[in-house]
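The next block holds one structure in the form of structure tokens; read it before the comments.
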């Protein structure tokens, strides 16, 4: 008999986990609190580790066909001077894609009629036989185990670990997508500009679009910055090099996403009997390394391996923790450190940082990339799709 899996949260983490476990023969249902799916988000860059994970899920080629290859990241000063250039070395790769397109591709790979919208989890119970989730609409769902992929504001985590507090990084962020026809001098690859007034990133997307983001040091939940529109960001960054002012000037429809940058302190555990925290619910990471979604996809592939190779859910969850706790903690800590360095607003310290950046050996950058990107799923996990028939026969 197939094990029943409840997934709370239908974002990247939840959809990736559903694909992985459905391919292994599990009876998986996703419950998402929003009443309907809407195209949302800005751009996203999927690093090599995430792309390897998507390959195991069977949708790498789809994502590549809908994305754009990114060959490197150039760091610039506010006047446009080169500080550092990070080339993505072979065999690694990166792909930029609109987040809404990625979400659609993941959704299309989930089995039909297994995603339930408008299902807000308000309570759950577990015992030796399974888990029951209660929703705001007075319905409920039961399963053998539960995956909490309901994001940084996870209801599941708040119930399991009520003392865990969100942690503000000290800066606030805007994101947007515009068409290249509105802007001149768009770079072929990604750039990020570091200056004393803030940080500005530019990432080319498919279909002649540009994903941009801006980060400014600010008090937490500042009413001033919450009211900012594109024209206000233009005034703030107007002295930065081209094409930054023209990008903000071209964002005439004011469609921007704004949020303070927060993460959560590293947890000591992800597993709680029959419940497992995954993605941002388990290890929300600041965006400075572009690893939030990538780690969520890694979670899905590693969990599939653990469930395939262990006779019980508890043993599988224990192995998952052994593989994921240290790695996600290290990446989260490093990402926060990079953010602090990038957001320096003291002129002297900014000049010192820029000078040091120019002197960092390429070998150091490569070692950092290898730690992030060099995941060898093949060493312990056969292609998930090859195991479908066996898993269904075993009922595991």
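Over region 61-202, with a single point scatterer placed on each C-alpha, what log10 of the ratio I(q)/I(0) does the Debye formula yield at q = 0.10, 0.12, 0.13, 0.15 1/Å? Debye output, listed in q order: -0.63, -0.83, -0.92, -1.04. Our estimate of slack between residue 122 and residue 197, defined as 0.36 nm per intervening residue step minus the Cα-Cα distance, is 22.8 nm.
Among 328, 74, sorting on how many other beta-carbon atoms sit within 10 Å of each Cβ, with the fewest leading, yields 74, 328. Extension gain for residue 104-residue 364 works out to 89.9 nm (0.36 nm per residue, less the C-alpha to C-alpha distance). Each DSSP beta bridge with both residues in the chain is either parallel or antiparallel, and the antiparallel ones are about 70%.
Divide the volume of the convex hull around the Cα atoms of the chain by the residue count and you get 140 Å³ per residue. Annotation: extensible slack from residue 312 through residue 1 equals 110.5 nm (criterion: 0.36 nm per residue apart, minus Cα-Cα distance). Each label point was placed 7 Å from the Cα along the Cα-to-Cβ direction; for residue 208 and residue 262 their separation is 4.0 nm. Put simply, the Cα atoms of region 114-164 extend 29, 28, 19 Å along their principal axes, the longest span coming first. Computed from the C-beta positions of residue 179 and residue 87 and an R0 of 25 Å, the FRET efficiency is 0.35 to the nearest 0.05.
Across the chain, the relative contact order, built from alpha-carbon pairs under 8 Å that are at least six residues apart, equals 24 percent. A helix-only calculation puts the chain at -11500 deg cm²/dmol for mean residue ellipticity at 222 nm, using -39500 (n - 2.57) for each DSSP H run of at least four residues, averaged over all residues. A simple spin-label model places pseudo-atoms 7 Å from Cα toward Cβ; at residue 349 and residue 371 they are separated by 2.2 nm.
The value for region 51-131 of Rg(Cα) / (2.2 N^0.38 Å) is 1.70.
Normalised Debye scattering of region 189-260 at q = 0.15, 0.19, 0.26, 0.27 Å⁻¹ gives log10 I(q)/I(0) of -0.49, -0.79, -1.43, -1.50, counting only Cα atoms as equal scatterers and leaving out solvent. Computed on the Cα atoms alone, the convex hull of region 30-98 gives a volume of 141 cubic angstrom per residue.
Listed from fewest to most Cβ neighbours within 10 Å, the set 46, 356 follows the order 356, 46.
Where a number appears in this text, it was derived from the coordinates with a stated rule and is not lab data. Only a predicted model underlies this, so the values are computations on that prediction, with no experimental measurement involved. When we count neighbours, we look across all protein chains shown, and the Cβ atoms used for this are built from the backbone with ideal geometry, even at glycine.
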